[in-house]
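Here the structure is laid out as structure tokens; the discussion comes afterwards.
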């Protein structure tokens, strides 16, 4: 069921559609804005150069970005707009060397993780709610739901399988074979912080590492497991897996910028297809750019 923010948006849209007198100037401006935003998304030629499983998610995120620009201009989403605008100003998500926050990470967080209200509404959940009023293709909505349900995870690299990598997630111990569109192959034993999306097409078992991999150089698997052991009870002492999912989706103490800040402070190095991080979220001295080390 849609949350209160989404209900306000759909009610407003229904009201506008019921009005007998339409503000043609406002309608024209809205169409112009939508047309302008559509020109900023990936072109058909650019999508054609991608693996189809990656391209379909890029297309979905592009379309959600158009919704985001239009929705965040509305007063109903002022709280969420403030969170997103503040984070964009703070972290300048252009990727290294400008910022360790890559666009693929930041905008996935902005559309599907950053939330407001007791029902934790996001741009993604608002887009899904608007489908009650605005006709949207069922397949588009299915893929938006997959993206909305996604989150960051900490994964152990367990080797290669052709052009794919095998990953095992810490805490859940779930394994998958994944495509890495950034091109980074990595090496067995590495830890990655990444958003891994499920296979977009029925019948496929290949996941998508949608974000440029953040390679956790130091410390290794045991210290990260210990970090989760001492942190997850603070999130949900009764359900370790639910606590892990909540932590990776929303951060600790529901700080929307928890993982953005960690990436910013843990930055160590980069190359064109990967970003390298050092340190743990709860050990300030371990992160190169933490407040104690600046």
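All of the numbers you see were taken from the coordinates with simple rules; none came from a lab. Everything numeric in this text was worked out from a predicted model, so none of it was measured. Cβ atoms come from the backbone with ideal geometry, glycine included; neighbour counts cover every protein chain shown.
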Practice task
Would you calculate, for the chain, the mean residue ellipticity at 222 nm contributed by helices, counting each DSSP H stretch of 4 or more residues as -39,500 (n - 2.57) and dividing by all residues, to the nearest 500?
Solution key: -14000 deg cm²/dmol
Exercise for the section: Could you line up 241, 207 from fewest to most neighbouring Cβ atoms inside 10 Å? Expected result: 241, 207
Practice task
May I ask for the angle, rounded to the nearest 10°, between helix 103-112 and the longest principal axis of the chain, with both axes built from Cα atoms and the value confined to 0 to 90°?
Solution key: 60
Practice task
For residue 173 paired with residue 92, estimate the spin-label separation in nm (one decimal), with each label point 7 Å from Cα along the Cα-to-Cβ line.
Solution key: 4.5
Completion exercise
Largest fluctuation, 107, 224, 192 only, Gaussian network model of the chain with Cα springs under 10 angstrom, belongs to 224
Exercise for the section: Identify which of 170, 216, 179 has the largest mean-square fluctuation in a Gaussian network model of the chain, with springs joining Cα atoms closer than 10 Å. Expected result: 170
Handout entry: Cut-off 16 Å (backbone N to label point 7 Å along Cα→Cβ of residue 74), residues of the stretch 132-156
Key = 132-136
Completion exercise
When 69, 46 are arranged by how many other beta-carbons sit within 10 Å of their Cβ, fewest first, they go 46, 69
Problem - Length released on extending from residue 120 to residue 293, taking residue separation times 0.36 nm less the Cα-Cα span - result: 58.9 nm
Problem - For the stretch 177-194 and the stretch 73-105, distance of Cα centres in Å - result: 25
Problem - Considering only the chain, percent of DSSP beta bridges that pair antiparallel, nearest 5 - result: 75
Problem - Among 268, 82, 49, residue whose mean-square fluctuation peaks in a GNM of the chain (springs only between Cα atoms under 10 Å) - result: 49
Completion exercise
With a ≥ b ≥ c from the Cα gyration tensor eigenvalues, square-rooted, and the rule rounded for a/c under 1.5, otherwise prolate when a/b > b/c and oblate otherwise, the stretch 131-275 is oblate
Fill in the blank from the handout: In vacuo Debye sum over C-alpha of the chain, base-10 log of normalised intensity I(q)/I(0) at q = 0.07 Å⁻¹, listed in q order, is -0.28
Fill in the blank from the handout: For the pair residue 83 and residue 149, the simple spin-label estimate (label points 7 Å beyond Cα toward Cβ) gives in nm 2.1
Practice task
Report the FRET efficiency, 1/(1 + (r/R0)^6), for residue 136 and residue 254, where r is their Cβ-Cβ distance and R0 is 30 Å, rounded to 0.05.
Solution key: 0.50
Fill in the blank from the handout: Rounded to the nearest 10, the angle in degrees between the Cα long axis of helix 221-235 and the longest principal axis of the Cα atoms of the chain comes to 50
Fill in the blank from the handout: Relative to the chain, whose Cα atoms define the longest principal axis, helix 24-38 and its Cα axis are tilted in degrees, nearest 10, by 30
